[in-house]
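All of the numbers you see were taken from the coordinates with simple rules; none came from a lab. Quick caveat: nothing in here was measured; it's all calculated off a predicted structure. So basically every Cβ, Gly included, is an ideal-geometry build from the backbone, and we count neighbours across all protein chains shown.
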Amino acid sequence: MGVWQVPSDLLAGSRFTVSPMVETVAALKALINPRTPWQRAWREPYVDAFRRMLAARPVVRALLPASFYPRWMADFLTVAPALPDPTFASELATVAALPDERIRADLRATRPEPLAAELLADGLTAEVVGLLRWVWAHTVEPEWPERERRLRADIVARTAALSTRGWAGVLADLNRDMRWLGEGRLQINDYPDPALSLHRAEQLIFLPAHCPRGWVVWDLPTRFGMVYPARGILVDPTSPAPDGLARLIGANRADILARLESPLSTSHLVALTGLSLGTVSDHLRVLLDAGAVDKRRSGREVLYWRTPLGAALVATGG
């Protein structure tokens with residue numbers, strides 16, 4: 001499955017969207033096995049309650065190790081959303097409609113070991129639903145406004161980049177193993193599997209998430225998608241601004257200007273810089289008045305980017 005053969009009309013109709021279920025699965029993965037410093041820091045306030053929940057649910061304790069294998073996870077955790085703007089309730093209902101045997105079949109396809117006895121009893125789907133509902137309610141839902149803001153800011157920036165870079169350019173930096181190979185071939189990972197034709201597919205979507213590495217979602221044979229790490233999911237402590245520019249116009253204003261090589265929204269800049277919304281807006285207003293940045297509306301967001309003057313300031317370091 002390393003390469004998808006994508007018809008041109010499918011790619012032309014593809015889109016970016018936000019999935020609460022994808023965020024829930026990303027949170028679950030971080031609770032189980034945090035791989036980066038920011039995941040470990042995020043996990044800390046929730047991990048004790050997570051462990052208590054597992055201690056009270058033996059089926060879920062057996063389910064988790066069976067659901068994940070190195071660089072793979074059970075398909076019931078990777079169902080592509082059917083709605084253009086899904087809610088957690090709508091996506092959870094899709095999982096709840098899966099029979100127990102489908103859950104077991106997905107688990108057997110994920111890991112070579114025999115299933116634990118706890119996973120052979122009736123009610124397995126209900127246990128999966130209970131796990132996902134717990135992760136959403138206890139870790140994702142309280143943070144959802146901030147998470148959704150970051151995700152939608154990423155989508156706005158990437159959608160704007162389509163006009164200048166095309167799909168080949170936009171796809172190139174979604175995921176480290178993902179790239180457009182030409183002739184309708186989209187590499188989605190480095191697995192040595194035969195190419196998969198998407199000629200029967202009706203949907204191809206791209207979903208940003210709070211994760212260090214993405215994964216595939218699908219509902220064969222009609223819906224396919226790719227989860228990728230959203231930009232701005234943690235604050236970069238290193239400013240890209242030259243020291244001279246920071247001395248000239250101030251460190252925060254220089255930081256913002258240096259990041260505007262490609263169009264970004266105010267909310268995206270907030271996520272990248274760690275500054276408040278009001279502070280970012282004030283700095284953008286000054287940069288606009290000075291002619292260093294320009295702006296235009298894209299859907300619900302306003303995008304900002306460097307003008308030739310702004311680019312010259314960054315290039316010369318002030």
Quiz item: When the chain is fully extended, how far beyond the present Cα-Cα distance does R185 get from R52, taking 0.36 nm per residue of separation?
Solution: 43.3 nm
Exercise. Round to the nearest 0.05 the FRET efficiency obtained for L83 and D9 when R0 = 25 Å and r is the Cβ-Cβ distance.
Key: 0.75
Quiz item: Looking at the chain, what % of its DSSP beta bridges pair antiparallel, to the nearest 5?
Solution: 65
Quiz prompt | Theoretical gain in end-to-end length, R108 to A312 [0.36 nm per residue, Cα-Cα removed] | solution = 67.7 nm
Quiz item: What is the fewest-to-most order of H138, H210, H199 by other Cβ atoms lying within 10 Å of their Cβ?
Solution: H199, H138, H210
Quiz item: What FRET efficiency, computed as 1/(1 + (r/R0)^6) with R0 = 25 Å and r the Cβ-Cβ distance, is obtained for R213 and L120, rounded to the nearest 0.05?
Solution: 0.20
Quiz item: If you take the beta carbon distance between L220 and V286 as r and set R0 to 35 Å, what does 1/(1 + (r/R0)^6) give as a FRET efficiency, to the nearest 0.05?
Solution: 0.10
Exercise. Mind telling me which of E101, E301, E91 comes out most flexible in a GNM of the chain, alpha-carbon contacts under 10 Å?
Key: E101
Self-check item: Using alpha-carbon coordinates, inclination of helix 20-32 to the longest axis of the chain, degrees
Solution: 80
Quiz item: Put a dot 7 Å past each Cα toward the Cβ at R71 and R176; how far apart are the dots in nm?
Solution: 1.1
Exercise. Give me the angle, in degrees from 0 to 90, between the Cα long axis of helix 58-67 and the longest principal axis of the Cα atoms of the chain, rounded to the nearest 10.
Key: 60
Quiz item: Could you give the length gained on full extension between L248 and H138, defined as 0.36 nm per residue of separation minus the Cα-Cα distance, in nm?
Solution: 35.1 nm
Quiz prompt | GNM result for the chain, Cα springs below 10 Å: residue of A290, A153, A82 fluctuating most strongly | solution = A290
Quiz item: Add -39500 (n - 2.57) for each DSSP H run of 4 or more in the chain, then divide by its residues: what number comes out at 222 nm, to the nearest 500 deg cm²/dmol?
Solution: -14500 deg cm²/dmol
Quiz item: To the nearest 10 degrees, how steep is helix 124-135 against the longest Cα principal axis of the chain, on a 0 to 90 scale?
Solution: 30
Quiz item: Taking only the alpha carbons of the stretch 20-143, what extent do you get along each of the three principal axes, in Å, biggest first?
Solution: 35, 33, 27
